[in-house]
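Report on the structure given below.
Every number in this text was worked out from the coordinates using simple rules, so none of it is lab data. It should be emphasised that the depicted structure is a prediction, and the values quoted were computed from it without experimental measurement. Note: ideal-geometry Cβ built from the backbone for every residue, glycine included; neighbour counts use all protein chains shown.
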Amino acid sequence: MAKKLVEKAKALQCGIALENLKGICKRMEKTVRKAQRRQHSSWSFYQLRQFIQYKADLAGIPVMLVDPKNTSRTCIQCGYVAKENRSLRDNFCCRACGYVDLADKLAAENIRRDAVN
Ligand SMILES: [Zn+2]
């Protein structure tokens with residue numbers, strides 16, 4: 001997956017933007033017993049990020065880290081930020097303008113926008 005991503009970025013002459021999940025380890029230590037599954041997925045993501053960074057460095061692709069705060073709560077259409085915008089796990093619905101999107105797609109768009117700004 002990391003290899004594919006870096007190859008695509010190279011072909012498109014793009015950089016890669018990722019959420020900066022620094023501090024994830026500390027948070028995990030606390031919740032390790034409660035959420036073993038979550039721990040596992042967090043670690044996998046951390047490893048994936050390390051791998052992307054490594055491959056991107058080799059290929060000379062810039063990697064930007066974006067503050068993950070509000071990336072899944074901000075409307076890309078009107079900019080309205082609210083926890084309620086994401087009431088269902090996979091869906092985003094803006095309480096201000098009614099914009100509807102898949103939560104992951106919306107977060108990705110916000111990450112892209114934060115990275116170029
Ligand atoms: Zn909106």
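Remarks
- Sites residue 4 and residue 88 - FRET efficiency at Förster radius 30 Å, r taken between beta-carbons, to 0.05: 0.55
- When the alpha carbon gyration tensor of the stretch 69-117 is reduced to an equivalent ellipsoid, the three semi-axes, largest first, read 16, 11, 9 Å.
- 3J(HN,Hα) couplings calculated from phi for the stretch 50-65 with the Karplus curve 6.51 cos²θ - 1.76 cosθ + 1.60 (θ = phi - 60°) are, in sequence order, 4, 5, 4, 4, 4, 5, 5, 4, 4, 8, x, 9, x, 10, 10, 9 Hz; Gly and Pro show x.
- Share of Cα-Cα pairs in the stretch 43-84 lying beyond 18 Å, as whole percent: 49
- Those residues of the stretch 86-117 whose amide nitrogen sits under 19 Å from the label point placed on residue 69, 7 Å along Cα→Cβ: 86, 107-108, 110-117
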